[in-house]
Amino acid sequence: MNLEEQYRVALEAVTKSAFRSASAREKQEILWNCISQIPYNPLPSPHISDLQTLSQMVSRAFLRKAFSEDDDVRPPRTKAFHRFGTVAKVRFVADGKHPYTGVLATGAVGFVRASLAVGMPKYSPAAAFKFLLDGPHPSENLLVHQQLDTQASRDFFERAPTNRTLPPLALMNRLLLPIMKMWLSPISCPVDMQRLDHLAEVRNDGTAVEHPVAPELVHLYGADEVRNDPACMDDFRTILKEIPSGSLLYRMFGRATPGAKQVYIGSVFTESAFVASEFGDRILAFQHAPPGSKPDSGGKDSA
């Protein structure tokens, strides 16, 4: 089955009334069948040149799609960032004593996609989460990263990803960041911050929260059990594939403000092994803006 056929099958599945009315668990299984059905064999090279990345950043219309498409699957497309990754089923257990509401209080099931921000030879781990809701309610997505600077260690979980990309230290990244912010500002503002309001506004059963409370920042700390040898040069997708189903993956902490004390929110557990597939890389969609935060749709960047 080629990629276009995989997309058509997945699109038919997720647009059926049975999927729209299904429980989060049922949705998870339907999507997982699509994600895991045809794994890569062999894995494609994760090496990406700066020229390849820049060539896709030229078009705002191309970049806008990641912010405007709000379904769980999208027509096959190669990402400008986070091009290669690997996906696992997860369960977020909200077991912390904290003031936050919605999915952050009820927990949820869904997926994690672990990736590198710009690919090798730069090593900058990141993660995206899709939390599925019961019934006719769209999934809630969370994208976390740490910073643009290359990580010297090859331990995928050494740095704690967060919804605010930290300022880079490397000179070239410090020079490029203002240009990226200027170019992307019509699509997403601020560029280096993912809001969390949407995660606090709805529970895992799809019901709305009357008085939502969201942290400004979240930090996800990799569990000691899944951290890998910092000197290991194996492909990160091969390393993550060895993490057993049922493993504690991340512990989530939140801050009400950047200077506030961190509060434990909950933990993310795997419910499958990680699988790297073209479906996970090019069809599975993680909306980059929360619902209700619509990017500017003016025609000036439509070329």
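This table checks each residue for (1) crowded, with 18+ Cβ neighbours inside 10 Å; (2) basic (Lys, Arg).
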residue: 214; (1), (2): yes, no
residue: 222; (1), (2): yes, no
residue: 230; (1), (2): no, no
residue: 237; (1), (2): yes, yes
Counting only residues in segment 16-31 that are assigned to a loop (DSSP other than H, G, I, E, B) and not polar (S, T, N, Q), the one surrounded by the fewest Cβ atoms within 10 Å (Cβ to Cβ) is identified as 16
Scanning segment 260-271 residue by residue, those open to solvent by 10 Å² or more (accessible area, probe 1.4 Å) and either assigned to a loop (DSSP other than H, G, I, E, B) or out of contact with any Phe, Trp or Tyr (no Cβ under 9 Å at 6 or more places or on another chain) (or both) turn out to be 260, 261, 262, 271
Worksheet item: Out of all the residues in segment 129-137, is one or more crowded, with 22+ Cβ neighbours inside 10 Å, aliphatic (A, V, I, L, M) and over 16 Å from the mean Cα position of the chain (by Cα)?
Response: yes
When every residue in segment 73-107 that is part of a strand (DSSP E or B) and farther than 23 Å from residue 42 by Cα is compared, the one farthest from the chain's Cα centre (by Cα) is 93
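One line per residue, one yes/no per condition, for (1) at pLDDT below 85; (2) buried (at least 21 other Cβ atoms within 10 Å of the Cβ); (3) more than 19 Å from the chain's Cα centre (by Cα):
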{"residue": "110", "(1), (2), (3)": "no, yes, no"}
{"residue": "152", "(1), (2), (3)": "no, no, yes"}
{"residue": "156", "(1), (2), (3)": "no, yes, no"}
{"residue": "162", "(1), (2), (3)": "no, no, no"}
{"residue": "172", "(1), (2), (3)": "yes, no, yes"}
{"residue": "176", "(1), (2), (3)": "yes, no, yes"}
{"residue": "180", "(1), (2), (3)": "yes, no, yes"}
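The values are calculated or read from the model by the stated rules, or taken from the named source; none is laboratory data. Please read all numbers here as calculations on a predicted model, not as lab measurements. Cβ coordinates were reconstructed from backbone atoms using ideal geometry, including for glycine residues, and neighbour counts include every protein chain displayed. Remember, those area values only see protein heavy atoms, side chains included, never the ligands or the DNA or RNA. Shrake-Rupley method; radii C 1.70, N 1.55, O 1.52, S 1.80 Å.
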